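K.L.:
This is the structure I want to talk about, given as structure tokens.
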Amino acid sequence: MRRAVPAVRLHRAFSFRFNGCKISIGRRDSAPVSLRAMNYDRGSLSVKNVELDMLHEIGNRIAVADPLPEVLGRAVEVISAVVECDSCFVYVLEVDELVLRASKNPHSEVVDRLKLRVGQGITGWVAEHKTPVAVGRDAFQDPRFRSFNELPEDLYQAFLSVPVLSRDKLVGVINLQHRQPHDYSQREIHLISTIGFLVGAEIEMARLEGENSELSEQLEARKVLERAKGILQRDLQLSEEEAYVTLQRQSRQRRKSMKEIAEAIVLSDEVKRIPSKPKPS
């Protein structure tokens, strides 16, 4: 079972230094800072060097095991900085649906709620074919386009959608949109794809950690159930099957999980085994 990835709604500023120059990314006074609007302390930097350092920043966040919501938030900020855009979404594949998990613009009503099937809309088409799609104008007229009333971005002109992959396995999709027509360059597409590779590895790692955690929980629950069955078999002279049916019946009647019933039985047995203090003479 795949565990849902936490939603991302943070967009705070962060900064780093490159060749003695300070570079800031994110929001200041509620306004996004784009690549063109960046304020360097001194000197000029080539766009390629700036982009390289931004990719290094995302890699750093992943290397130090920042929580996935923060990694996705950083990715949205970096994407919005290196490719000046009016909208940026990150969808994460969960089971067989794409769930909106991060957004440049505040969309509290749809982040963590908006879901797409693979193959649905341009985003779903990109997920199904694992191939980028760039539409420079009239994106809403593309035959693959799917409209959502909750998103004003549906009326934007330009649309770039890039798959997020991990070892050629789809884990999500990154979308960029522009209000005005915008011809996406190969540099922009390659850059967003590279960011997708970095983020994809982190999403997959978070998913594996979630699955391992669920397996550990299942193993712990099984151990408790086995102990509880053993206690019922010993105290009530029941067979293993009868003990299991008893746990099931108590679970239904008390509207608690079988693990909770089993834990109560084990705790009661442990309490009974505590030696009582001798009464004072």
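The values are calculated or read from the model by the stated rules, or taken from the named source; none is laboratory data. As the structure is a prediction and not an experimental result, all values here were calculated from the model. Cβ atoms come from the backbone with ideal geometry, glycine included; neighbour counts cover every protein chain shown. Each accessible area value is taken on the protein alone, full model and side chains, heavy atoms only, with ligands, DNA and RNA left out. Shrake-Rupley method; radii C 1.70, N 1.55, O 1.52, S 1.80 Å.
K.L.:
Take Arg254 and decide whether it is free of Cβ contacts under 8 Å to residues at least 12 places away in the same chain, touching a helix residue (DSSP H, G or I) at 6+ places or on another chain (Cβ under 9 Å) and at negative phi.
P.N.:
yes
K.L.:
Looking only at the range 136-157, count how many residues are surrounded by 19 or more Cβ atoms within 10 Å (Cβ to Cβ) and either at positive phi or at pLDDT 95 or above (or both).
P.N.:
Final tally of qualifying residues: 0.
K.L.:
Next question, about the same structure. How about the range 64-90: which of its residues are in contact with a helix residue (DSSP H, G or I) (Cβ under 6 Å, 6 or more places away or on another chain) and closer than 17 Å to Asp154 by Cα?
P.N.:
Ser87, Cys88, Val90
K.L.:
Looking at the range 214-239, which of its residues are among the acidic types (Asp, Glu), open to solvent by 60 Å² or more (accessible area, probe 1.4 Å) and over 22 Å from Lys272 (Cα atoms)?
P.N.:
Glu217, Glu220
K.L.:
Also: Among the residues of the range 205-222, is there at least one that is part of a helix (DSSP H, G or I), small (Gly, Ala, Ser), at pLDDT 90 or above and more than 30 Å from Glu70 (Cβ to Cβ)?
P.N.:
No, the range 205-222 contains no residue that is part of a helix (DSSP H, G or I), small (Gly, Ala, Ser), at pLDDT 90 or above and more than 30 Å from Glu70 (Cβ to Cβ).
K.L.:
Okay, next question. If I ask for residues that are open to solvent by 10 Å² or more (accessible area, probe 1.4 Å) and closer than 15 Å to Gly121 by Cβ, which ones from the range 69-95 would you list?
P.N.:
Leu93
K.L.:
Answer yes or no: is there a residue in the range 175-184 that is more than 22 Å from Leu98 (Cα to Cα), of a type in the set (Ser, Thr, Tyr) and modelled with pLDDT of 90 or more.
P.N.:
Yes, the range 175-184 contains a residue that is more than 22 Å from Leu98 (Cα to Cα), of a type in the set (Ser, Thr, Tyr) and modelled with pLDDT of 90 or more.
K.L.:
While we're looking at this one, here's another question. Residues being on the phi > 0 side of the Ramachandran plot and within 17 Å of the chain's Cα centre (by Cα): count how many of those fall in the range 75-123.
P.N.:
Of the residues in the range 75-123, 2 are on the phi > 0 side of the Ramachandran plot and within 17 Å of the chain's Cα centre (by Cα).
K.L.:
Could you check the range 158-173 and list, in sequence order, the residues that are small (Gly, Ala, Ser) and open to solvent by less than 10 Å² (accessible area, probe 1.4 Å)?
P.N.:
Correct list: Ala158, Ser161, Gly172.
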